[in-house]
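Participant: Here it is, the structure, as structure tokens.
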Amino acid sequence: AMHGNPVIIRLLDPPLHEFLPSYQQLVAELADLKVRLQHFHTLSEIDAALAKVREKEDILERVENLGESNPMLGLRGDRLGIMMPEITAMQVRAILEAAVNVKKQGIDVHPEIMIPLSGHVNELTTLRKVVDEVSAEVFAEAGMEVDFKYGTMIEIPRAALTADEMAQEAEFFSFGTNDLTQTTFGMSRDDAEAKFLIDYVEQGILPSNPFQQLDPNG
């Protein structure tokens, strides 16, 4: 269906804690394991239980290390990709290997790799190095190349205000109006719509819900 058409793939945007068990869940599971450990009698049962305890403790430590006060404005999007470049490399390799395989089947493929949450051109420059390195490896292994584009999602006010600089690295833009509206107004969509945004519109404080209708002045 996408033969000959561009396909945009956004790299990982959420913070890593969203993919891990919750802190409370892990603490409860650890407590349960330690209680059950007291009722084991054979060495094999005790060893197996201790191994599970150590595994849960390792995961709990990782969850604690990834904990943030405000994760939606913390280590996510391109920041995560920069601090953990192996995550960026893994995604880019998967995209380009898939594109190569499709091209070998005679399908005209045009992948476009999109970097989320960028706010400074230097972030794009940094991640571009990872993309270029991985693409060179994939194409050398495959013995063929695939044309692809490198761009970003404009969802931070600074990115919008410095779009001329961002365009020095990005070959295309996409607009993430949800995060862009949240960061411009300084409000969480879920909380705002649940607590006050409807009243704001009804009282005429705002002409419309900015998450449903673009705010051209802002």
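The values are calculated or read from the model by the stated rules, or taken from the named source; none is laboratory data. Here the structure is a predicted model, which is why all the values come from computation and not from measurement. For neighbour counting, all protein chains shown are included, and Cβ atoms are generated from backbone atoms with ideal geometry for every residue, glycine included.
Participant: Select from the range 39-56 the residues that are basic (K, R) and within 20 Å of G67 (Cβ to Cβ) and list them in ascending order.
Facilitator: Matches in the range 39-56: K56 only.
Participant: Do you know which of the residues in the range 183-199 that are without any contact (Cβ under 8 Å) to a residue 24 or more places away in the chain and crowded, with 16+ Cβ neighbours inside 10 Å is farthest from R10 (Cα to Cα)?
Facilitator: So, considering only residues that are without any contact (Cβ under 8 Å) to a residue 24 or more places away in the chain and crowded, with 16+ Cβ neighbours inside 10 Å, the one farthest from R10 (Cα to Cα) is L197.
Participant: State whether one or more residues within the range 81-88 are farther than 30 Å from M144 by Cβ, hydrophobic (A, V, I, L, M, F, W, C) and exposed (fewer than 13 other Cβ atoms within 10 Å of the Cβ).
Facilitator: Within the range 81-88 (the criterion being farther than 30 Å from M144 by Cβ, hydrophobic (A, V, I, L, M, F, W, C) and exposed (fewer than 13 other Cβ atoms within 10 Å of the Cβ)), the answer is yes, since at least one residue qualifies.
Here's the yes/no breakdown for (1) hydroxyl-bearing (S, T, Y); (2) surrounded by 14 or more Cβ atoms within 10 Å (Cβ to Cβ):
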| site | (1), (2) |
| --- | --- |
| E18 | no, no |
| Y23 | yes, yes |
| L30 | no, yes |
| Q38 | no, no |
| H41 | no, no |
| K52 | no, yes |
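Participant: Here's a follow-up. If a residue has to be hydroxyl-bearing (S, T, Y) and either over 16 Å from N122 (Cα atoms) or free of Cβ contacts under 8 Å to residues at least 24 places away in the same chain (or both) to count, how many in the range 149-182 make the cut?
Facilitator: Residues meeting the conditions: 3.
Participant: What are the residue pairs meeting all of these: first residue in the range 19-38, first residue closer than 17 Å to L66 by Cβ, second residue not in a helix (DSSP H, G or I), Cβ atoms under 9 Å, and 6 or more apart or on different chains?
Facilitator: So the pair list comes out as Y23/G67; L26/L20.
Participant: Within the range 182-209, which residues are in a loop (DSSP other than H, G, I, E, B) and over 19 Å from L161 (Cα atoms)?
Facilitator: Passing the criteria: M187, S188, F196, Q203, G204, I205, L206, P207, S208, N209.
Participant: Related question: Quick one: would you say R36 is basic (K, R) and under 30 Å from I115 (Cα atoms)?
Facilitator: no
Participant: For the range 68-79, what are the residues that are in a helix (DSSP H, G or I) and of a type in the set (D, E)?
Facilitator: D78, the sole residue that qualifies.
Participant: Continuing with the same structure: Taking the range 135-168 only, how many residues are under 20 Å from G77 (Cβ atoms) and aliphatic (A, V, I, L, M)?
Facilitator: Residues flagged as under 20 Å from G77 (Cβ atoms) and aliphatic (A, V, I, L, M) within the range 135-168 amount to 9.
Yes/no per residue for (1) part of a loop (DSSP other than H, G, I, E, B); (2) touching a Leu at 6+ places or on another chain (Cβ under 7 Å); (3) touching a residue at least 24 places away in the same chain (Cβ under 8 Å):
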| residue | (1), (2), (3) |
| --- | --- |
| K52 | no, yes, no |
| V63 | no, yes, yes |
| G81 | no, yes, yes |
| E86 | no, no, no |
| V92 | no, no, yes |
| V102 | no, no, no |
| I107 | yes, no, yes |
| S118 | yes, yes, yes |
| K129 | no, no, no |
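Participant: If you don't mind, there's one more thing I want to ask. Does I59 satisfy being surrounded by 13 or more Cβ atoms within 10 Å (Cβ to Cβ), at pLDDT below 90 and part of a helix (DSSP H, G or I)?
Facilitator: Criteria met by I59.
Participant: Is it the case that G67 is small (G, A, S) and in the same structural domain as E137 (by TED's automatic domain parsing)?
Facilitator: It is false that G67 is small (G, A, S) and in the same structural domain as E137 (by TED's automatic domain parsing).
Residues are listed down the side, and each one gets a yes or a no for (1) under 23 Å from the mean Cα position of the chain (by Cα); (2) hydrophobic (A, V, I, L, M, F, W, C):
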position	(1), (2)
K104	no, no
V109	no, yes
I113	yes, yes
S135	yes, no
F139	no, yes
D147	no, no
I154	yes, yes
A194	no, yes
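Participant: Among (1) of a type in the set (V, I, T); (2) surrounded by 11 or more Cβ atoms within 10 Å (Cβ to Cβ); (3) part of a helix (DSSP H, G or I), there is one condition I8 misses while meeting the rest; what is its number?
Facilitator: With (1) of a type in the set (V, I, T); (2) surrounded by 11 or more Cβ atoms within 10 Å (Cβ to Cβ); (3) part of a helix (DSSP H, G or I) applied to I8, the lone miss is (3).
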